[in-house]
Amino acid sequence: MRILLTGAAGFLGSHLCDRLLAEGHSVIGMDNLLTGNIDNIQHLAGRDDFTFIKQDVTNYIYIAGPIDAVMHFASPASPIDYLNYPIQTLKVGALGTHNALGVAAAKGARFLLASTSEIYGDPLVHPQREDYAGNVDTIGPRGVYDEAKRFAEAMVMAYHRTHGVDTKIVRIFNTYGPRMRLDDGRVVPNFIGQALRGESLTIYGDGTQTRSFCYVSDLVEGIYRLLMSDYNDPVNIGNPTEMSILEFSNIVNELTNCTSGIVFKEHLRIAGDPQTRQPDITRARNVLDWEPKIDLQTGLEKTIAYFKDRV
């Protein structure tokens, strides 16, 4: 297959490039490098089966020749990014999705949207199933990301129903691994960075808020299976093992041999910040025969090794 992948220089996009190429596909990677890093795909330079185009996907996309699949992963994805770039985040979810779908429709290609567990907002249903409509504050600071993805999902399904495009939607839950940015503000790089510097790990609030952490290779496996499937409704891909932030901090300290402990600070909660997060992956198990394989300790050891060279 010849695949267009937007957001190719990002954390997830770069790992997808590697997987798609390893499967024998050719990849056209597109990224404006607003939050992506060209270093993530530097090792692919010079390959005949990989092309990089520096472009903002909110502008018209022209690709010569046939395209078999479009994978739309362009978007700021961490709170520090989408709060810094709120309008760009909304535009890439709306205009970017529209443009990418236009390529798929014109080329007769299948289309896969990278959506997010954030479409569930601060959930009133736990764990979160794909048929849960969510609890999102549309006008809150986080709404720029949540609503961009919710709009993108609506646009994808409109193209599926109206134009017959073979579409797929993956709702991605907390994912971690090498190539995350150390300064992206998410809990995994925050804690690992602090621990490797010998600092106390900072917990905002009492640490009872929960997350479910999926290693990047597991996520990529689920996404690839969804791309190759005939399934069109949204699918949660994430690790259903839920833990509190306090539990997670203790594991990071243990694996990094950090003895500086933990400090608790006032919860700087952004309106709509989810207090619980856990995917129901029944659909992924049934439709894709997928579930995560990498345990947290193994995944964190790989991630810590990556960050050791960057702290």
Item checked: Eligible lysines near residue 91 by straight Cα distance, threshold 26 Å, same-chain separation 8 or greater -> 54, 107, 149, 168
Note to self: With n ≥ 4 as the cut-off for DSSP H runs, can you work out [θ] at 222 nm for the chain, using -39500 (n - 2.57) per run divided by the number of residues, rounded to the nearest 500?
What the structure shows: -10500 deg cm²/dmol
Item checked: Equivalent-ellipsoid semi-axes of the range 32-173, from the Cα gyration tensor, Å, largest first -> 26, 20, 14
Notebook entry, point to check: If we count every other residue with Cβ under 12 angstrom of residue 165's Cβ, Lys/Arg +1 and Asp/Glu -1, where does the sum land?
Noted result: +3
Next item on the list: Counting other beta carbons within 10 Å of each Cβ, put 187, 27 in order, fewest first.
Entry: 187, 27
Check: Mind listing which trypsin sites (Lys or Arg not before Pro) in the range 185-270 are in a DSSP loop and have 12 or fewer other Cβ atoms within 10 Å?
Finding: 197, 269
Check: Which semi-axis lengths, in whole Å and largest first, follow from the square roots of five times the eigenvalues of the Cα gyration tensor of the range 1-57?
Finding: 16, 11, 10
Notebook entry, point to check: If you wrap a convex hull around the Cα atoms of the range 1-95, how much volume per residue is inside, in Å³?
Noted result: 87 Å³
Item checked: Between the range 171-209 and the range 135-165, the Cα center-to-center distance that results, in Å -> 27 Å
Margin query: Can you give the log10 of the normalised intensity I(q)/I(0) at q = 0.22 Å⁻¹, computed with Debye over equal Cα scatterers of the range 86-127?
Written below: -0.80
Margin query: Would you report the distance distribution of C-alpha pairs in the range 107-233 as whole percents per 5 angstrom bin, up to the bin with the largest distance?
Written below: 2, 9, 15, 18, 20, 16, 10, 6, 3, 2, 0, 0
Next item on the list: Would you kindly give the portion of the calculated P(r) for the range 76-158 that falls above 15 Å, as a percent of all Cα pairs?
Entry: 57 percent
Item checked: Cβ-Cβ FRET estimate between residue 295 and residue 62, R0 fixed at 45 Å, reported to 0.05 -> 0.50
Check: When the scattering of the chain is computed by the Debye formula from its Cα atoms alone, each counted once and equally, what is log10 I(q)/I(0) at q = 0.06, 0.16 Å⁻¹?
Finding: -0.19, -1.42
Item checked: Dipole magnitude (debye, nearest 20) for the chain, charges at Cβ of Lys, Arg, Asp, Glu -> 460 debye
Next item on the list: Return the tail of the calculated pair distribution for the range 184-311, meaning the percent of Cα-Cα pairs more than 21 Å apart.
Entry: 47 percent
Checklist line | Antiparallel DSSP beta bridges within the chain, as percent of all bridges there, nearest 5 | finding: 10 percent
Notebook entry, point to check: Once you list every other residue whose beta carbon is under 13 Å from the beta carbon of residue 115, what net charge do they have if Lys and Arg are +1 and Asp and Glu are -1?
Noted result: -2
Next item on the list: Pick out, from 77, 132, 36, the residue whose Cα sits farthest towards the positive end of the charge dipole of the chain, with +1 on the Cβ of Lys and Arg and -1 on the Cβ of Asp and Glu.
Entry: 36
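Just so you know, all these numbers are worked out from the coordinates, no wet-lab data involved. From a predicted model like this one, the values you see are computed outputs, not experimental measurements. Because the Cβ atoms are built from the backbone with ideal geometry, glycine has one as well, and the counts that use them run over all protein chains shown.
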